1. Scan the stretch 1-54 for residues that are of a type in the set (D, E, K, R) and within 21 Å of S109 (Cβ to Cβ) and jot them down.
2. Given the conditions (1) closer than 25 Å to I262 by Cβ; (2) out of contact with any strand residue (DSSP E or B) (no Cβ under 8 Å at 6 or more places or on another chain), report the number of the one that Y128 does not fulfil.
3. Residues to consider are G169, G152, G193; find the one that is surrounded by 19 or more Cβ atoms within 10 Å (Cβ to Cβ), under 29 Å from T289 (Cβ atoms) and at pLDDT below 95.
4. Please identify the pairs in which a residue from the stretch 265-286 that is surrounded by 12 or more Cβ atoms within 10 Å (Cβ to Cβ) has its Cβ atom under 6 Å from the Cβ atom of a residue that is of a type in the set (K, R), counting only partners at least 6 apart or on another chain.
5. Confirm whether V111 is out of contact with any strand residue (DSSP E or B) (no Cβ under 9 Å at 6 or more places or on another chain) and in contact (Cβ under 8 Å) with a residue 24 or more places away in the chain.
6. Counting only residues that are surrounded by 17 or more Cβ atoms within 10 Å (Cβ to Cβ), give me the strands (runs of 3 or more DSSP E) lying completely in the stretch 13-80 with at least 3 of them.
7. Taking the criterion of being more than 27 Å from V285 (Cα to Cα), within 16 Å of the chain's Cα centre (by Cα) and touching a residue at least 24 places away in the same chain (Cβ under 8 Å), would at least one residue in the stretch 70-88 satisfy it?
8. Quick one: would you say P164 is out of contact with any Phe, Trp or Tyr (no Cβ under 8 Å at 6 or more places or on another chain) and crowded, with 21+ Cβ neighbours inside 10 Å?
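The values are calculated or read from the model by the stated rules, or taken from the named source; none is laboratory data. It should be emphasised that the depicted structure is a prediction, and the values quoted were computed from it without experimental measurement. When we count neighbours, we look across all protein chains shown, and the Cβ atoms used for this are built from the backbone with ideal geometry, even at glycine.
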Amino acid sequence: MKVLVTGATGFIGGHLAQTLLAQGHHVRLLVRPASIPPPCLGFEICWGDVSDSETTRTAVKGIDLVYHLAAIRDRWGIPYRDYYRVNVEGTRHLLQSAADQGSRFVYCSSVGVMGHPGCLDIDEGFPYAAGDGKYNYSHTKALADEMVLDYGAKKRLFATVVRPVITYGPGDTWGMVTRLIDLLARGRFLPVGNGRNYLHLAYIADVVQGFLLAAENDRANGQVYIIAGPAPITLNDLVDKMAQLLEMPVPSWHVPAYLARIVGRGLETFYALKQYMGIETLGSVPFITRDKVDTLVINRSYSILKAQKELGFKPIVGYDEGLSKTIAWWRGPQSERAQRYASGPALA
């Protein structure tokens, strides 16, 4: 089968592309000229940008299945128009090209389109809710998510949406788990909140499994599926497991969440003013934002019942195994990691 993968220079897209290639598929990658494609022989490279309709027509030509993972990820200081151009218009161009070609279409969305409801067992029925801290990203991802579902519902082509939770594993250069590992290893982790809230993560191999199953099952047309790991975990337990593997102590005190949010709001205001004035000192991204605080302190877990029943999805990698493999990769040569994942944090 001929498969197109966008976003293959990112974490999930890279693993998905490698898996498809290993399965014997002809894999074409749509790659921006400024990005570095995965260093594996066997890929066909199509250079260009998803926001260009001519590029997408060329990229989809002769393709049986499109996996669309390219997006501008949430990054401080990127204007809404850029998010919309790539995340919404880019998806529209690919959808139309796939419909013209008769290709299947699997879209990588995010559980972030449902915001942070602050509850457990969140399912696909939750409404869209773009959060304040990630409005540009979450809102444009929600618009694209809705557009893909509409194409599938109207039978314009086979189109399905996959919403992964926070994903981790080897190659997770810019992810939350890797950042926590870095902070713990350097003794710079500051626990926020009481740590008793639940998070729900997924190991990369399980997420890739979800994408493959969504493309294979005819029942998935016009449907959305949450893909998550076997179970949620409290922040305290997650940090404890990391600390044990790193042989590092965990701070015994916690920063109150309300205080961290106050600091985050102040830093957001300061960095917005700094950006407006063209001041380049102190970096371009505040080290604390309200959204970063919410990611760590808001209670949430997700239901994978629909994916299990309709797709046969079965996550198998637990936190002990997943974190052990991730930290083993993290301990590897820095130069190798930099070379393999050099596309930067803003594009997945």
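1. R32, D49
2. For Y128, the exception is condition (1).
3. Details: G169 fails: at pLDDT below 95; G152 fails: under 29 Å from T289 (Cβ atoms).
Among G169, G152, G193, only G193 is surrounded by 19 or more Cβ atoms within 10 Å (Cβ to Cβ), under 29 Å from T289 (Cβ atoms) and at pLDDT below 95.
4. R265/R290
5. On the way: out of contact with any strand residue (DSSP E or B) (no Cβ under 9 Å at 6 or more places or on another chain): no; in contact (Cβ under 8 Å) with a residue 24 or more places away in the chain: yes.
So V111 does not fit the description; no.
6. 26-31, 65-68
7. no
8. yes
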